1. For Pro113, work out the one condition from (1) away from the ligand (no atom under 15 Å from the Cβ); (2) loosely packed, with under 11 Cβ neighbours inside 10 Å; (3) not small (Gly, Ala, Ser) it doesn't fulfil.
2. For segment 84-105, give me each residue that is exposed (fewer than 12 other Cβ atoms within 10 Å of the Cβ), of a type in the set (D, E, K, R) and at pLDDT below 90.
3. So which residues in segment 72-87 are within 12 Å of the ligand (Cβ to nearest atom) and either farther than 25 Å from Phe14 by Cβ or touching a helix residue (DSSP H, G or I) at 6+ places or on another chain (Cβ under 9 Å) (or both), if there are any at all?
4. In this structure, does Asp13 turn out to be more than 9 Å from the ligand (Cβ to nearest atom), acidic (Asp, Glu) and modelled with pLDDT under 95?
5. Which residue out of Ala90, Ala62 is touching a Pro at 6+ places or on another chain (Cβ under 6 Å), within 30 Å of Arg111 (Cβ to Cβ), within 16 Å of the ligand (Cβ to nearest atom) and not aromatic (Phe, Trp, Tyr)?
6. If you scan segment 49-71, which residues turn out to be of a type in the set (Gly, Ala, Ser), in a loop (DSSP other than H, G, I, E, B) and within 19 Å of Phe3 (Cβ to Cβ)?
7. Residue by residue through segment 1-53, note down the ones that are under 24 Å from Arg78 (Cα atoms) and of a type in the set (Val, Ile, Thr).
8. Pairs please, first residue from segment 69-80 and on the phi > 0 side of the Ramachandran plot, second anywhere and among the aromatic types (Phe, Trp, Tyr) and more than 12 Å from the ligand (Cβ to nearest atom), Cβ atoms under 9 Å, 6+ apart in sequence or on different chains.
Amino acid sequence: VRFAAALKALGCDFVDVTSGGLDPRQRIAPSPGYQVPLAARVRREAGLPVWAVGMITDPHQAEAIIAEGQADLVAIARGMMFDPRWAWHAAEALGAETAYSPRYARCHPSRWPEAFPQRRVGG
Ligand SMILES: Cc1cc2nc3c(=O)[nH]c(=O)nc-3n(C[C@H](O)[C@H](O)[C@H](O)COP(=O)(O)O)c2cc1C
């Protein structure tokens with residue numbers, strides 16, 4: 001919090017908050033969103049916009065982090081490496097529309113729903 005406040009005083013626009021993992025004395029227990037409380041505290045106490053990161057893969061969880069005011073932005077690394085179309089899939093899961101290039105539009109489940117009998121899709 002002190003570091004973020006000092007950065008803010010220097011004109012920093014935002015910080016991406018992690019638990020570091022730089023000291024073997026740290027006892028970090030990773031679980032979905034395990035670093036979000038750290039981001040929320042920095043946001044609250046330093047008054048600086050924050051990115052939340054760390055084992056965030058569920059679109060609903062990402063949405064809740066923003067909606068609850070815990071962070072200003074959610075950044076996803078490994079989830080996106082595993083699923084490069086994460087943003088498309090998140091939009092679908094959250095019922096949001098997102099732009100597809102014409103070449104890719106035909107792959108949306110709504111264009112060939114018979115290929116996804118296990119899911120209900122709109123569109
Ligand atoms: C391939 C890879 C390399 C990374 N390298 C660094 C690094 O050099 N320094 C660092 O602070 N974080 C590093 N990270 C952590 C990311 O900056 C980020 O905080 C984290 O991956 C986000 O959590 P997530 O992967 O659970 O979404 C790396 C992550 C990945 C997946």
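The values are calculated or read from the model by the stated rules, or taken from the named source; none is laboratory data. Fair warning: this is a prediction, and the values are worked out from it, not measured in the lab. A quick note on method: Cβ atoms are made from the backbone with ideal geometry, for glycine too, and the neighbour counts reach across all protein chains shown.
1. Pro113 satisfies every listed condition except (2).
2. Glu97
3. Val74, Ile76, Gly79, Met80, Phe82, Asp83, Trp86
4. Criteria not met by Asp13.
5. Result: Ala90 is the single residue among Ala90, Ala62 that is touching a Pro at 6+ places or on another chain (Cβ under 6 Å), within 30 Å of Arg111 (Cβ to Cβ), within 16 Å of the ligand (Cβ to nearest atom) and not aromatic (Phe, Trp, Tyr).
6. Gly54, Ala71
7. Across segment 1-53, the qualifying residues are Val15, Val17, Thr18, Ile28, Val36, Val42, Val50, Val53.
8. That search, which allows pairs on different chains as well, returns nothing.
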